[in-house]
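**Student:** Shown below is the structure under consideration.
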Protein chains: 2
Amino acid sequence: MDRIYDDPAFFEKYSDMPRSRLGLEGAGEWHVFRNFMPDFNDKDVLDLGCGFGWHARYAAERNARRVVAIDVSERMLAKAESMDSEGIEYRLSAMEDLDFSAGTFDVIISSLAFHYVKDWDTLIRKISSWLRPDGDFVFSVEHPVFTAYGSQDWYYSEDGKILHFPVDNYFYEGERDAVFLGEHMTKYHRTLTTYISSLLDNGFTITKLAEPEPPEDMMDIPGMKDEMRRPMMLLIAAKKTR
Amino acid sequence: MDRIYDDPAFFEKYSDMPRSRLGLEGAGEWHVFRNFMPDFNDKDVLDLGCGFGWHARYAAERNARRVVAIDVSERMLAKAESMDSEGIEYRLSAMEDLDFSAGTFDVIISSLAFHYVKDWDTLIRKISSWLRPDGDFVFSVEHPVFTAYGSQDWYYSEDGKILHFPVDNYFYEGERDAVFLGEHMTKYHRTLTTYISSLLDNGFTITKLAEPEPPEDMMDIPGMKDEMRRPMMLLIAAKKTR
């Protein structure tokens, strides 16, 4: 993953986003993603790419037995640890470098982090092995429609109006030079086929899938209505059944 | 569904397409879709929107017990019936108007027809009821990326070069004025979320999903390389498990 999240200027901008300041309630997809969350009571939980730790805390507050929260950014983890984090084990690591015994966790969650991962095939195999039978895997990722072109920006008319969202190079997976909060960063585009097939091939049954629309009560936020024009996120819940 | 398939001029153009002349082997997605086909031996099979009947014949040739093939176009059915159709019951009907007893079929297939259906919720409920437990539902449909904008055409530069494929109004489902073989026709856009959720909500387990890429040996056909730039079809295999 890009080290951009440890860049002070970027980190400041990221910290100012509603989802960073307000946590889950400030995230436009949470009204959908919350329904994807399994019962955390007495469960061993892994959060991959925990950021400020909002999802890890959500699990801990719902009586998870153990919560391990991973992030590759020191600044992210420092911020996460500065908040009430009772019962959460934070670890500084790229998720690709993790190594757990088979069947270590009941639940693995990840929010908007997998599009920074280069080698998805290896990671999904590991995730499957780390889960116990009937374990839950719940994640959000940037939508393939959103990552295909690269710039992640609208296509505009000469006078600066949004015309539409561009899709290109869809079947050419891999590195993209994306712009987020004004900074360039590397993300990885993968097709829907890759996400779904990798789950099916690694013993998962898909239980829920959603491309979240903005919640009604956020529609007045500038730019939010445009979120109806293209999917930006893909949310998936899956169960390890084989 | 649009009555365009009974328009003589359109029908002639449609009949000239490789997938119409050559059947399954002339269809760019068949090298993937064929792997989605279940065992047809001794099965009762329904083909929704059978067109020239290529898939129905495929099932019949693989020793299906019974094959019922439905299409709304008289011309399509006449052409289908003119080919070797032993053991296939052709019926002229909109698929929305069909009525079968619960548990009538072991397999329901449909190729590129559901994007003509206005009321998907009702149809998928019926399809689920028509299938026996552990029955197979295998279908292809135009990809939500392909149907969202409406025109189903690329976005071009002033000098006529393809720039990218436009996506817009993704979360506004419903009618689109599409152009196919130079003719305007009504198609219905639905999100990926709708297709997947409707399957999960109606007792199906998703067993396969693919956005087919063009086969290697068709890459030299003019325009085929551009098919790598955006997904055009969505193929899904599902099993009725609940």
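**Student:** In angstroms, what radius of gyration and Dmax does region A:111-171 have, counting Cα atoms only?
**Tutor:** 16.6, 55
**Student:** Computed FRET efficiency, Cβ-Cβ of B:V179 and A:N41, R0 60 Å: what is it to the nearest 0.05? Please report the intermediate quantities before stating the final value.
**Tutor:** On the way: r = 54 Å, r/R0 = 0.90.
Plugging the Cβ-Cβ distance into 1/(1 + (r/R0)^6) gives 0.65.
**Student:** Using only the alpha carbons, work out the radius of gyration and Dmax of region A:61-179 in angstrom.
**Tutor:** When restricted to Cα atoms, region A:61-179 yields Rg and Dmax of 18.0, 56 Å.
**Student:** Once you charge only the Cβ atoms, +1 for Lys and Arg and -1 for Asp and Glu, what is the size of the charge dipole of region B:144-236 about its Cα centre, to the nearest 20 debye?
**Tutor:** Values: 8 positive and 16 negative charges, 62 e Å.
Around 300 debye, computed over region B:144-236.
**Student:** How crowded by other chains is B:169-175, given as the mean number of beta carbons from other chains within 10 Å of each beta carbon? Mind showing how you got there, number by number?
**Tutor:** Working: counts 4, 11, 9, 3, 0, 0, 0.
So the per-residue partner count for this stretch is 4.
**Student:** Still on this structure, please answer the following. Tell me, what HN-Hα J-couplings in whole Hz come from the Karplus equation 6.51 cos²θ - 1.76 cosθ + 1.60 at θ = phi - 60° for each residue of region A:187-196, using x for Gly and Pro?
**Tutor:** Once θ is set to phi - 60°, the couplings for region A:187-196 become 10, 10, 7, 9, 6, 4, 3, 5, 4, 5 Hz.
**Student:** While we're on this one: What is the dipole size for the protein assembly as shown, taken about its Cα centre, with +1 at each Lys and Arg Cβ and -1 at each Asp and Glu Cβ, in debye to the nearest 20?
**Tutor:** Numbers: 56 positive and 86 negative charges, 254 e Å.
Using only the charged Cβ atoms, the result is roughly 1220 debye.
**Student:** To continue, here is another question. Find the relative contact order for chain B and round it to a whole percent, using C-alpha pairs within less than 8 Å whose residues are 6+ positions apart. Provide the component values of the computation, followed by the final result.
**Tutor:** Values: 472 pairs, mean separation 45.1, N = 242.
Dividing the mean separation by the residue count of chain B yields 19 percent.
**Student:** In addition: Sorting B:Y195, A:Y188 by accessible area (1.4 Å probe), largest first, what list results? Could the numbers behind the result be given before it?
**Tutor:** On the way: B:Y195 0, A:Y188 35 Å².
Order by accessible area, largest first: A:Y188, B:Y195.
**Student:** Hey, can you grab everything whose amide H is under 5 Å from the amide H of A:A94? Only 5+ residues off in sequence or another chain; H modelled, so Pro and N-termini drop out.
**Tutor:** Answer set, sorted by chain and number: none.
**Student:** For the protein assembly as shown, build the charge dipole from Cβ charges (+1 Lys, Arg; -1 Asp, Glu) around the Cα centre, then report which of B:M17, B:V45, A:A113 sits farthest towards its positive end.
**Tutor:** B:V45
**Student:** Work out the mean other chain Cβ neighbour count within 10 Å for the residues of A:160-168 and drop it here as an integer. Before the final figure, lay out the partial values.
**Tutor:** Values: counts 0, 0, 1, 3, 9, 9, 7, 12, 10.
Counting other chains' Cβ atoms within 10 Å and averaging over A:160-168 gives 6.
**Student:** Assign unit charges at the C-beta atoms only (+1 for Lys and Arg, -1 for Asp and Glu), then state the dipole size of chain A relative to its Cα centre in Debye, rounded to the nearest 20.
**Tutor:** Details: 28 positive and 43 negative charges, 140 e Å.
With only Lys, Arg, Asp and Glu charged at Cβ, the dipole is about 680 debye.
**Student:** Once you have the Cα-Cα distance between B:S15 and B:S129, take 0.36 nm times their residue separation minus that, and quote the gain in nm to one decimal.
**Tutor:** Numbers: separation 114, 0.36 × 114 = 41.04 nm, distance 3.37 nm.
Using 0.36 nm per residue and subtracting the Cα-Cα distance, I get 37.7 nm.
**Student:** Something else about it: With θ taken as phi - 60° and the coefficients 6.51, -1.76 and 1.60, list the Karplus ³J(HN,Hα) couplings across region A:110-115 in order, rounded to whole Hz; mark glycine and proline as x.
**Tutor:** Using θ = phi - 60°, the values come out as 7, 10, 6, 10, 5, 6 Hz.
**Student:** If you don't mind, another one. In vacuum, with every alpha carbon of region B:129-242 counted as one equal point scatterer, what does the Debye formula give for log10 I(q)/I(0) at q = 0.15, 0.20 Å⁻¹? Two decimals, please.
**Tutor:** One equal scatterer on each Cα of region B:129-242 leads to -0.79, -1.15.
**Student:** Listed here are the pairs A:K208/B:K225; B:K13/B:K239; B:K13/B:K225; A:K239/B:K239; A:K118/B:K240; which of them are more than 26 Å apart at the Cα? List each step's numbers first, then the result.
**Tutor:** Values: A:K208/B:K225 33 Å; B:K13/B:K239 36 Å; B:K13/B:K225 23 Å; A:K239/B:K239 16 Å; A:K118/B:K240 35 Å.
From A:K208/B:K225; B:K13/B:K239; B:K13/B:K225; A:K239/B:K239; A:K118/B:K240, over 26 Å: A:K208/B:K225; B:K13/B:K239; A:K118/B:K240.
**Student:** Still on this structure: Using amide H atoms built in the peptide plane, which far-off residues or other-chain residues are under 5 Å from B:T207 H to H?
**Tutor:** Amide H neighbours of B:T207, under 5 Å, 5+ apart: B:A237, B:A238, B:K239.
**Student:** Show me you know the interface measure: the accessible area buried between B and A, both chains summed, probe 1.4 Å, in Å² to the nearest 100. Could you put the intermediate results ahead of the total?
**Tutor:** On the way: alone 11750 and 11750 Å², together 20580 Å².
Protein heavy atoms only, the B-A interface buries about 2900 Å².
**Student:** Helix-only mean residue ellipticity at 222 nm, chain B, DSSP H runs n ≥ 4 weighted -39,500 (n - 2.57), per residue, nearest 500. What is it? Provide the component values of the computation, followed by the final result.
**Tutor:** Working: 8 runs with 58 residues, N = 242.
It comes out at -6000 deg cm²/dmol, rounded to the nearest 500.
**Student:** Grab the beta carbon distance between A:F100 and A:D121, set R0 = 22 Å, and tell me the FRET efficiency rounded to 0.05. Can you show the working numbers first?
**Tutor:** Values: r = 18 Å, r/R0 = 0.81.
Using R0 = 22 Å, I get an efficiency of 0.80.
The values are calculated or read from the model by the stated rules, or taken from the named source; none is laboratory data. This one's a predicted model, so the numbers in the text were calculated from it and none came from an experiment. Reconstructed Cβ throughout: ideal geometry from the backbone, glycine too, with neighbour counts over all protein chains shown. Heads up: the accessible areas ignore ligands, DNA and RNA and are worked out on the full protein's heavy atoms, side chains in. Shrake-Rupley method; radii C 1.70, N 1.55, O 1.52, S 1.80 Å.
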